[in-house]
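Here the structure is laid out as structure tokens; the discussion comes afterwards.
The values are calculated or read from the model by the stated rules, or taken from the named source; none is laboratory data. Given the structure is predicted, the values throughout are model-derived calculations rather than measurements. Note: ideal-geometry Cβ built from the backbone for every residue, glycine included; neighbour counts use all protein chains shown. Quick note on the areas: whole protein, heavy atoms, side chains included, nothing else; ligands and nucleic acids left out. Shrake-Rupley method; radii C 1.70, N 1.55, O 1.52, S 1.80 Å.
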Amino acid sequence: MHIVPIAPDIDPTLAIRDGDIRRFFPPNTFNAGRSYEQRGRVQDLDIAERGAVIRATTQGTRPDPYVQSLKISHSPTNGIRIAGACSCPVGR
């Protein structure tokens, strides 16, 4: 697993961990996303608003890259909440 240190301009309470992502996606979707990341297919990554907004494109199986947009917020019960959309077949 590749661990990225939290940049000083990111709110550490909004840091996303593997367990946070695994709560939202089945294992095969999580593994496919991890594979895309490891193969360098995630591009144009932009993290804004101290980590509360994340945007990127990912080169998937279609000619045009998929576009992702995430909003990260505090959740009183689960630590953080991840809400997003993707132009990929999964849709989020």
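Between helix 27-38 and the chain, what is the angle of the helix's C-alpha long axis to the longest principal axis, kept within 0 to 90° and rounded to the nearest 10?
Once rounded, the angle reads 80 degrees.
Which cross-chain or sequence-distant (5 or more) residues have an amide H under 5 Å from the amide H of Phe25, H modelled 1.01 Å from N in plane?
none
Note down the relative contact order for the chain as a percent, whole number, built from C-alpha pairs under 8 angstrom at least six residues apart.
Numbers: 117 pairs, mean separation 18.3, N = 92.
After rounding, I find 20 percent.
Grab the DSSP H runs of the chain that are 4 residues or longer, score each as -39,500 (n - 2.57), total them, divide by all residues and round the 222 nm result to the nearest 500 deg cm²/dmol.
Values: 2 runs with 19 residues, N = 92.
The helix contribution divided over the chain gives -6000 deg cm²/dmol.
Using a 1.4 angstrom probe and counting only protein chains, how large is the accessible area of Arg17 in Å², to 10?
Rounded to the nearest 10, the figure is 140 Å².
For every other residue with a beta carbon closer than 15 angstrom to the beta carbon of Ile54, add +1 if it is Lys or Arg and -1 if Asp or Glu, then tell me the sum.
Numbers: positive: Arg17, Arg50, Arg55, Lys71, Arg81, Arg92; negative: Asp9, Asp11, Asp20, Glu37, Asp44, Asp46, Glu49.
My count for the surroundings of Ile54 gives -1.
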